[in-house]
Each structure stands twice: as C-alpha cells, then as structure tokens.
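One structure is given here, and the rest of the page talks about it.
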Amino acid sequence: MGNSKLRVACVVPTYNGSRDLERLLSSLENQKCKFDVFVVDSSSSDGTLEVAKRHVRNVFVIPSAEFNHGGTRQMMVESNPDYDIFVFLTQDAYLADADAIMNLVAYFEDPRIGAVCGRQLPHLDANPLAAHARFFNYPAEPRVKGMEDVGVLGIKTPFMSNSFSAYRGAALNSVGGFPKHVILSEDMYVAAKMLLADWKVAYAADAVCHHSHNYTLREEFVRYFDQGVFHARESWVRKKFGGAGGEGRRFVISELKFLGLGRLHQWPGSIIRNALKLVGFKLGLEERRLPIRWKRKISMHRKYWDGPFA
C-alpha cells in the first residue's frame, strides 16, 4: 500500500449508542491496515462509554451540551495534529469488510485529493425507501471530482457523509478546518471549501460500510428543516454549486421506479414523504423569520438552538 507511511486516525463521536457501537468497533478491529481509534463521547448514560473503553484506548468525554457536528470533529483534529489522515465514522455505521479503511485511505496517494467519501449500503433491516436512498446516493462506480464537474454534478459535487469519510489533515487546515457553528452538513461544508481551493474530492465505491435510517415522516421533516437551515446560513454553497431542485426531482422519479408496480401501494407514502421533505427544506431556508421556540420544536438537532450561534 503506497500510503502506508501516512498516520491515520479514526474518530468516532458517540452518544447513547451502546447497541450500535459494539458492532462498529468490532468491524474496526477486523481491518487489515493500521490506524489509531479515538472515541469522543457526549456524556452518554446508556453504557456507551463502557463499550468504548472495552475496545479503545483513546476515549474522551465532553458535556453533551458542547457537542456540535463540526466543532467536535475539529476539536479532535486540533488535539491530534500528528496524524496525516482523519477518518470519521458515526456510531450507527459499521464496515462491510476488512479492506474498507485501507481502500478509503488509498485515494490519498493522489496528492490532489483532500477528502474521500466511502460507499454506504443499507442495513439489513432497512425498509425499501431507506434502501433506495443508499443506492441512489452511493453508486457502484468510483469518481474523483473537481470544480470542473459542477456543471454536470451541481450540488452533488461536494457531497460527503460524516458516517464514513476521510480527510487529509493538510487540506483541512488549508480551508480552516471543520466549521464550529453548523447545525449539520459539516462534511459538505468542508468538501465545498476544498473544491473552491482547488483540491479534489473522491467517492470511493470500493470502501464500503453499512448505514441507513428507517425515518418516520416526522423525522424526515425535521431532518430536512435542518438541511434548509444549513443552506440558508451557508448560502455560498448553493451559489457556488447550485440548488438541489433538479436532484430532488431525479430522486423522486428514481424512488418510484425502485418501488416499481409491484409496490404500487407504497407510492402514495413515497410522494407524501418527499413532499414533507421539500416543505421542511423550504421552511428551513426561511428560518430567520421563525421564532426560536418554533425552531426548537421542528429541528432534529434541538440543542443547536441553545448555543451562541442560534
């Protein structure tokens, strides 16, 4: 492996995820390549910390009120400056095979690449809509993307996922690191900044994890409200890479085709779900006009609204 000299840190933020974390950490222990694992726990109360300490030497605890998607990840990067590559996984994912980390990190042999997103397959218990979302967003073909691809890919150019991705430390530092104040999508934020600074970002179809969510209608709504908040507050992303309208239409059509005539009875639910996602997103774009008590109620990440940037 050409980049075996690179020092790799794998960072896992956790919070009340004891049932999932054992599965993830076991999959990390089975990897073929060498890396150090760091768990940063937001004061869990369900035994997550005990699970982490059984598997990992480097375990850190922060107050749950201090967690932020971008800020916590940046804290771990700044606390461990000797590493070249930072791999981030969420507690509800797990690696599909023993080559996953090795294949993800291998993309950094190209010195132009600043960030790499791995492929996600649905969990075994994923419902059809959750499964389709993985297949739509994570195809079987790898790709290296730069600003020259924006005309074709639009907002998909800086697409990343914090559930399984890796970042070159030097590239992170060159764009100011993860933002410390975003409600979510810190991964897209960083990838967009890297692209604008002439780095490339890669999609590694051969670096695979399992990760999906069987969201309820309400969970879809509040998640897309938060997406709208992100794009309202980081409007430069849409200005530079375009909106998600065309991609949204393509997703709906793809989902109905995926369900097929054999699951025609699920079409109304699919249409309602996607309509709610659109309404939530549009509402998030207008969040400045909403009272903060409303935003707390219709946000997936309610603690964000208690912070200094709300």
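The values are calculated or read from the model by the stated rules, or taken from the named source; none is laboratory data. What you see is a predicted model, and the numbers here were worked out from it, not measured in a lab. Ideal geometry is used to build each Cβ from the backbone, glycine not excepted, and the neighbour counts take in all protein chains shown.
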Checked against (1) under 20 Å from Arg238 (Cβ atoms); (2) surrounded by fewer than 24 Cβ atoms within 10 Å (Cβ to Cβ); (3) in contact with a Leu (Cβ under 8 Å, 6 or more places away or on another chain); (4) not basic (Lys, Arg), Val190 satisfies every condition except (2)
Note on region 221-259: residues of a type in the set (D, E, K, R) and touching a Leu at 6+ places or on another chain (Cβ under 6 Å) are Asp226
Across (1) more than 29 Å from Asn214 (Cβ to Cβ); (2) at pLDDT below 95; (3) not polar (S, T, N, Q), Phe67 clears everything bar (1)
query: Is it fair to say Gln120 is of a type outside the set (A, V, I, L, M), closer than 23 Å to Met76 by Cβ and either touching a Cys at 6+ places or on another chain (Cβ under 8 Å) or not assigned by TED's automatic domain parsing to the domain that holds Leu49 (or both)?
result: yes
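Let's see how each residue does on (1) in a helix (DSSP H, G or I); (2) surrounded by fewer than 15 Cβ atoms within 10 Å (Cβ to Cβ); (3) assigned by TED's automatic domain parsing to the domain that holds Phe67; (4) in contact (Cβ under 8 Å) with a residue 12 or more places away in the chain:
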site	(1), (2), (3), (4)
Glu247	yes, no, no, yes
Glu255	yes, no, no, yes
His265	yes, yes, no, no
Asn274	yes, no, no, yes
Val279	yes, yes, no, yes
Lys295	yes, no, no, yes
Met300	no, no, no, yes
Residues in region 184-197: is at least one more than 26 Å from Pro13 (Cα to Cα), of a type in the set (A, V, I, L, M, F, W, C) and not assigned by TED's automatic domain parsing to the domain that holds Pro13?
no
Looking across region 53-66 at residues that are within 23 Å of the chain's Cα centre (by Cα) and part of a loop (DSSP other than H, G, I, E, B), the single one that is farthest from Arg7 (Cα to Cα) is Pro63
### Task
Look at Thr72 and say whether it is over 26 Å from Tyr189 (Cα atoms), crowded, with 19+ Cβ neighbours inside 10 Å and among the polar types (S, T, N, Q).
no
Among the residues of region 1-49, the number that are among the acidic types (Asp, Glu) and closer than 15 Å to Phe164 by Cβ is 1
Val152 passes all but one of the listed conditions (1) at pLDDT 95 or above; (2) surrounded by fewer than 16 Cβ atoms within 10 Å (Cβ to Cβ); the exception is number (1)
Apart from one, (1) closer than 28 Å to Tyr215 by Cβ; (2) under 19 Å from the mean Cα position of the chain (by Cα) all hold for Pro128; the odd one out is (2)
Scanning region 1-52 residue by residue, those among the basic types (Lys, Arg) and not in a loop (DSSP other than H, G, I, E, B) turn out to be Arg19, Arg23
- Does any residue of region 202-224 turn out to be of a type in the set (A, V, I, L, M, F, W, C), touching a His at 6+ places or on another chain (Cβ under 9 Å) and outside any loop (DSSP other than H, G, I, E, B)? yes
